[in-house]
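J.: Quick one: the structure is below, questions incoming.
The values are calculated or read from the model by the stated rules, or taken from the named source; none is laboratory data. From a predicted model like this one, the values you see are computed outputs, not experimental measurements. Positions of Cβ are backbone-derived with ideal geometry, glycine not excepted, and every protein chain shown enters the neighbour counts.
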Amino acid sequence: MSTAVAEGKTWGGGNQPLQASYGKMMMWFFIVSDALTFSGFLAAYGFSRFKFIDAWPIADEVFTHFPFLHGVDAPMYYVAFMTFVLIMSSVTMVLAVDAGHHLNKSKVTIYMFLTILGGLIFVGSQAWEWNTFIKGDYGAVQTKGGNILQFVDTDGHRVALRDFVAVDTHAERTQHEDKSGLWFVSEGTLPTYTVEEVLHGLEAHENVLVRTQTLTAEGEKTVLSRAESLKQIKDNGKLVVEGANLHVNEYGSPLFADFFFFITGFHGFHVFSGVVINIIIFFNVVLGTYERRGSYEMVEKVGLYWHFVDLVWVFVFTFFYLV
Amino acid sequence: MAHEHKLEIFRGLWKFKSNTQKIWGVLAFLTFVTIIEVALGIIKPEMLMGKVLGMKALNWIFIILTIVKAYYITWDFMHMRDETKGLRRAVVWTAIFLILYLIFILLQEGGYVFRVYDEGYIKRDF
């Protein structure tokens, strides 16, 4: 073989560098760059957490709900369940790839279907998690400086605003909508209570105390004395916060909610696109496209993406929920 | 690509007869690690609350277990074990180097900003 021919073969796609096919190699390139994107997000989360290291929310106290179990304190059980679902769907995916190597169409079909199912359960769970997080549970008061004051009883258990605050019907104010006044001015939903009403509620209930975000040496949130509690709400209370959005967050620093929405949202979007791609591949398998092609490498390539999504979740789980 | 798989994990300590069996074996291991993580996260043993190299021992355990899980997902589910050394190194070391660098700068800077707030130049407790 002359040099010219060998060169034409090499640079014309005639061989496979590192014994990986073009498609798989490109998928690995994409995965490396996407891994860097996610690390960027997680490192930015770390930056903000280190910036407010003495007042960051404790994840166990934020994610305590489990579907259909109301009022049961179940820290992290649901996230652990979600992690397991995603690992399980990774397993069915790798089984589909394995069946593809044996050109076993019916097995690939079943395993791809189970993978899609797992992905849908995960995305659904994430939607539920977001819903719970956005709605919130206990409510809190934000100070002028943007700090969050929560309420506990004398035993240190959280107390919800609805348990000690009464709505003063005389002072009620309706939400301003652009149709009923200045058309260029509108406002969001008003909180159920005003700071004034929270103060009255606090005065009336001797056993309720204010808990600030500052962490003690033992890693717990600081609980103020009765006198200090009243003083904080009276002097600094500015806004009643229920649930979380991009501006305010009853669990603590608004940045915590921002990162929660951004990181789990970006990951959830990856899972969603993974499910869509899996569905396309699933139909190709059913229609026999890869059977005719004599190779199920396409399943292997989406498999790589799907495992990557699982891999990212393992890190999100650790850095958002555990550490 | 390569249809033959390396059928052992833990450096040959655990051998499997087929690729399918290996997959279930890895799942069992990953589940076990996740259960340990969740259990530690809920119990939070007092003895692991001491600081090691500036971070709680428990957090170090979480991070190490996460990397262990990541290793088995990449090596066995993504078949990195069966790829050539060149591809493996190109993917893994590039990512590890850049990620460590990114984490180092951002965490370092985060700690610095915290100290600026903390040492009283900026008041935020009001």
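J.: Quick check on my filter: what residues within region A:53-66 are more than 7 Å from chain B (Cβ to nearest Cβ) and hydrophobic (A, V, I, L, M, F, W, C)?
T.: A:ALA55, A:TRP56, A:ILE58, A:ALA59, A:VAL62, A:PHE63, A:PHE66
J.: Name every residue in region A:27-41 that is within 8 Å of chain B (Cβ to nearest Cβ) and within 17 Å of A:PHE260 (Cβ to Cβ), in order of residue number.
T.: A:GLY40
J.: For region A:101-113, give me the residue count where each residue is among the aliphatic types (A, V, I, L, M) and closer than 11 Å to A:VAL275 by Cα.
T.: Total satisfying the criteria: 1.
J.: Tell me, please, whether a residue that is surrounded by fewer than 17 Cβ atoms within 10 Å (Cβ to Cβ), more than 25 Å from A:PRO191 (Cα to Cα) and not polar (S, T, N, Q) can be found in region A:246-258.
T.: The answer is no; no qualifying residue exists.
J.: Further, regarding this structure: Failed condition for A:GLY118, given (1) touching a Ser or Thr at 6+ places or on another chain (Cβ under 9 Å); (2) within 25 Å of A:PHE52 (Cβ to Cβ); (3) buried (at least 17 other Cβ atoms within 10 Å of the Cβ); (4) within 14 Å of chain B (Cβ to nearest Cβ), with all others met?
T.: (2)
J.: Condition (residue is crowded, with 17+ Cβ neighbours inside 10 Å and either within 7 Å of chain A (Cβ to nearest Cβ) or under 30 Å from A:LYS301 (Cα atoms) (or both)) applied to region B:38-46: is it met by at least one residue? Give the steps one after another, and end with the answer.
T.: First pass over region B:38-46, keeping only residues crowded, with 17+ Cβ neighbours inside 10 Å: B:38, B:41.
Next, only the ones that are either within 7 Å of chain A (Cβ to nearest Cβ) or under 30 Å from A:LYS301 (Cα atoms) (or both) stay: B:38, B:41.
Yes - at least one qualifying residue is present in region B:38-46.
J.: Counting only residues that are in a loop (DSSP other than H, G, I, E, B) and either of a type in the set (Gly, Ala, Ser) or at negative phi (or both), which one in region A:71-115 is farthest from the other protein chains (Cβ to nearest Cβ)?
T.: Once the filter is applied, the top-ranked residue is A:GLY71.
Each row is one residue, and each column tells you yes or no for (1) modelled with pLDDT of 90 or more; (2) surrounded by fewer than 19 Cβ atoms within 10 Å (Cβ to Cβ); (3) touching a helix residue (DSSP H, G or I) at 6+ places or on another chain (Cβ under 8 Å); (4) polar (S, T, N, Q).
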position	(1), (2), (3), (4)
A:MET27	yes, no, yes, no
A:ARG49	yes, no, yes, no
A:TYR77	no, yes, yes, no
A:ASN104	yes, yes, no, yes
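J.: Sticking with this structure for a sec: Any idea which of (1) touching a residue at least 24 places away in the same chain (Cβ under 8 Å); (2) more than 8 Å from every other protein chain (Cβ to nearest Cβ) is the one B:PHE77 doesn't satisfy?
T.: If we test B:PHE77 against (1) touching a residue at least 24 places away in the same chain (Cβ under 8 Å); (2) more than 8 Å from every other protein chain (Cβ to nearest Cβ), just (2) comes out false.
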